[in-house]
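Inspection log for the structure reproduced underneath, given as structure tokens.
Computed from the coordinates by the stated procedures, all read-outs in this text should not be read as laboratory data. This is a predicted model, so every value here is computed, not measured. Heads up, the Cβs are rebuilt from the backbone with ideal geometry, glycines too, and the neighbour counts pull from every protein chain shown.
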Amino acid sequence: MQPVKIKLVDKKYLFIEWDDNSESKISLQKMRSLCPCATCLTQKENQSKNYIPLLLGSQITVKNIEVVGTYAIQITWQDGHNTGIYEYPFLKNLATDSIQA
Ligand SMILES: [Zn+2]
């Protein structure tokens with residue numbers, strides 16, 4: 001599974017067209033709040049269950065997207081955070097997950 005097209009929509013969503021002709025629309029806010037990098041995961045572990053993340057505009061604005069190997073994309077956010085590697089199956093799950101982040 002590979003993306004054939006990736007684009008930003010309304011600065012709020014990432015739109016991905018896959019090589020199996022399926023499409024995913026993923027909220028950037030959701031992507032940032034579920035950033036899979038070690039720093040963010042550790043931060044999340046240390047927060048209480050009732051913690052509500054407050055994301056700044058710069059944290060959910062995409063500055064750059066790079067393809068990593070054949071399995072993931074790496075996103076550089078406007079605030080400089082770029083350690084999150086989003087694997088394709090993970091992205092697909094984010095898109096189909098009905099729970100809004
Ligand atoms: Zn992160």
Tell me which trypsin sites (Lys or Arg not before Pro) from the range 9-101 have a DSSP coil assignment and no more than 10 other beta carbons within 10 Å of their own. Lys11, Lys49
For every helix of n ≥ 4 consecutive DSSP H residues, a contribution of -39,500 (n - 2.57) applies; sum these over the chain, divide by its total residues, and give [θ] at 222 nm rounded to the nearest 500 deg cm²/dmol. -6500 deg cm²/dmol
7 Å from Cα along Cα→Cβ at both Gln47 and Thr70: what's the point-to-point distance in nm? 3.6
Quick one: which residues, 5 or more positions from Cys37 or on another chain, have an amide H under 5 Å from its amide H? H modelled 1.01 Å from N in the peptide plane, none for Pro or chain starts. Ile85
Potential lengthening between Met1 and Asp20 on full extension [0.36 nm per residue; Cα-Cα distance subtracted]: 6.1 nm
Provide Rg over Rh for the chain; use the alpha carbon set for both Rg and the Kirkwood Rh (inverse mean inverse pair distance). 0.95
